[in-house]
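Asker: Let me begin by handing over the structure; questions about it come next.
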Amino acid sequence: MRNILGSSQTPEVLGRCPVCSSELTVQRLRCSSCNVALEGDFHLNPFNRLTSEQQRFVEIFLVARGNMSEVQKELGVSYPTVRARLEEIIAQLGHRPTSDDAAVQAERLRTLQEVESGALSVEEALSRLAHKE
């Protein structure tokens, strides 16, 4: 079967409604080998709820084995951007940091952004971060 893009590959399952962004459910599953079909309301796993861009990030992160510098190089973005995207995905998967963790992470992110913009030296940032631990 051809999808709307003209490709013969089966399109990916969407986890979010393209109109209102609500979570989608699957109502029919079919075996491509024996043609048996199951009907009902099936919920997607949390990773299906991620956008295509977020799924790509997760794939890059896993291939890089969590090495943020490698992810940064692959995506061509700054460390604070990589960190922010990772935090966004963690939240999207339903894992919320405690308020203390969120505050510490936000302060670290601000410090890194100040270094990136040149408003803070690396030495000052290291000193600031050491006092927060």
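Asker: Give the Cα extents of the stretch 14-123 along the principal axes, in whole Å, largest first.
Answerer: 64, 29, 25
Asker: Something else: Within 10 Å, count the other beta carbons around each residue, average over each peptide in 104-112, 13-21, 79-87, 33-41, and list them highest first.
Answerer: 79-87, 104-112, 13-21, 33-41
Asker: I would also like to ask the following. Which three extents, in angstrom, do the Cα atoms of the stretch 39-85 have along their principal axes, listed largest first?
Answerer: 45, 18, 12
Asker: While we're here: Tell me which residues come under 5 Å, amide H to amide H, from R16 once H is placed; ignore anything under 5 positions away on its chain.
Answerer: For R16, the qualifying residues are L24.
FYI, it's all coordinate maths here, none of it is from the lab. Not measured: the values here are computed from a predicted model. Backbone-built Cβ (ideal geometry, glycine too); neighbour counts: all protein chains shown.
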